[in-house]
Every structure is written in structure tokens, then in C-alpha cells.
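The values are calculated or read from the model by the stated rules, or taken from the named source; none is laboratory data. The structure presented is a predicted model; accordingly, all values stated were derived computationally and were not measured. Cβ sites come from the backbone with ideal geometry, for glycine too, and all protein chains shown count toward neighbours. These accessible areas exclude ligands, DNA and RNA; they are computed on the full protein's heavy atoms, side chains included. Shrake-Rupley method; radii C 1.70, N 1.55, O 1.52, S 1.80 Å.
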Amino acid sequence: KRGKQLRPVMCLLSSKMINNNYSNLKTDIYMSAALEFIHAATLLHDDVIDKGTIRRGQKSINEIWNNKFSVLLGDFMFSKSFQLMTQGKSLKAMEHLSEVSSKISEGEFLQLTHENNIHITERKYIEIISLKTAELFAASMKIPAILTGKNLTIISSLNKLGLYFGIIFQIMDDYLDYFGDRVTGKKNGKDFYEGKITLPIILL
């Protein structure tokens, strides 16, 4: 089932916003696809870690087949993402996307160490969601600027825009865990039962 594909869309829109020759560029398409592969891979691995059975209102891959299949498919998607990155022909862009891949894992580790920690601070929560979610949005926004050699001010501004968007996106996602409905395809309270202490509980 198709997801929102927000990250590649944001990458392409960012490119359109800063490049007059946008319609002639091909590198953004490869990078957008790489971003979606990275995101999809993390979802596959997340469902194994969290023992998730539903994804976007349908059975998850690990539920249809098994954990081994899900992990291997996730690994394959990570590999494909790096293949696509090489098409961008930019070592800097590859460095940034490689860095964000490790940050996602770092965020997942950090979240794991704070499972069932009801004393987690709001600052630590923001750090976790920045790493595991927002950094990929930040990369989506700044990659087109890196590919076309824009100045550091533009790259930094796009990075901040993507980062803050990602933080808001994850806060809303965590809110929907408690106050969502069936349209979201999420089971209410899933985060709570998994011991993930998110902003609604921190504020409570």
C-alpha cells in the first residue's frame, strides 16, 4: 500500500523552489527514491523490533511472512538506496544521506534505552524524534541544495525547515496514537503498550 511519500515529495519541491533549471535535473529523482527506500527500510525493521502487525491499515510484512523476510527486505532496500545515491554523482550528498542513516539508528537506540522511563524529559524526547524522524526530513530538504552547489546559508535554512517539519510531524504522529481514529490505520495506544513515553504522557 502506498504511503504518503512525503520525503521524496519534499525533496522534489525543495529542488523546484531553489533551481531555475528544475525540469532538466535528474539527480533529484534518484535522491528522492533513495530517501523513500531508506524510510521504507526503517519501517520494515521497526515492525520487527516493535512486533508490529499492522502498517497503514494492512498486515505488516513480518505478519504476512516472517521477521527474517522483513529484515532481509529492509537490508535490501538500504542497499538499493546507496545504489541510487551514486546516481546523484555527489560525494557530499552521499555523506549527508549516509550520516542520516546512522542517526536514525542512533535515535532508535536512544528510544530503546528510555522504554518505560516515565521521567524522560521533553528535551530528551525532542532529541529522540529529531534523530529517528526529523533528520530524514531535513536531508530531504537540503539534498537538492547540496547537489546543485548552493551556498551554506541556503543549505542550513533548508535543513532547519526540514528538521522542524519532521519534529512537528512526529509530535502529531505520537498525538494520533492516543487521539487518532481508524482512518489513520493505527491502533490507539500502541506506543503506550510498547513502553514508548511520548509527548502526551510527558505533558500529562
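Per the 1.4 Å probe, what fraction of the accessible area of region 83-127, in percent, lies on carbon and sulfur atoms?
C and S fraction of accessible area: 55 percent.
Can you tell me what percent of all Cα-Cα pairs in region 37-152 are more than 25 Å apart?
Counting pairs separated by more than 25 Å, the tail of P(r) holds 33 percent.
For ASN188 and GLU127 in one chain, what is 0.36 nm times their gap in residues minus the Cα-Cα distance, to one decimal in nm?
So the chain would gain 19.6 nm between ASN188 and GLU127.
Using Cα atoms only, what is the angle between the long axis of helix 135-147 and the major principal axis of the chain, expressed in degrees (0 to 90) to the nearest 10?
The answer is roughly 0 degrees.
Per DSSP helix of 4 or more residues, -39500 (n - 2.57); summed, then divided by the residues of the chain. What does that give at 222 nm, rounded to the nearest 500?
Counting only the DSSP helices, I get -22500 deg cm²/dmol.
What is the calculated FRET efficiency for TYR178 to ILE29, with r their C-beta to C-beta distance and R₀ = 35 Å, to the nearest 0.05?
Efficiency, from the Cβ-Cβ distance: 0.40.
With all protein chains present, calculate the accessible area of PHE69 using a 1.4 Å probe and round the result to the nearest 10 Å².
Roughly 90 Å² of PHE69 is accessible to a 1.4 Å probe.
List the relative contact order of the chain as a percent without decimals, with contacts defined as Cα pairs under 8 Å and 6+ residues apart.
It comes to 23 percent, rounded to a whole number.
Quote to one decimal, in nm, the extra length available between SER79 and THR153 on full extension: 0.36 nm per residue of separation minus the C-alpha distance between them.
Separation in residues times 0.36 nm, less the Cα-Cα distance, equals 23.5 nm.
To test your reading of the geometry: what angle, between 0 and 90 degrees and rounded to tens, separates the Cα axis of helix 6-18 from the longest principal axis of the chain?
The angle comes out at about 30 degrees.
As I understand it, the value is the acute angle between the Cα axis of helix 91-113 and the longest principal axis of the Cα atoms of the chain; what does it come to in degrees, rounded to 10?
Once rounded, one gets 10 degrees.
State in Å² the accessible area per residue of region 137-204; use a 1.4 Å probe, count heavy atoms of protein chains only, and round to the nearest integer.
Values: 3790 Å² over 68 residues.
Heavy-atom accessible area per residue stands at 56 Å².
Classify region 131-204: rounded, prolate or oblate, from the alpha-carbon gyration tensor (a ≥ b ≥ c, eigenvalue square roots; a/c under 1.5 rounded; otherwise prolate if a/b is larger than b/c)?
Judged from the Cα gyration tensor, region 131-204 comes out prolate (a/c at least 1.5, a/b above b/c).
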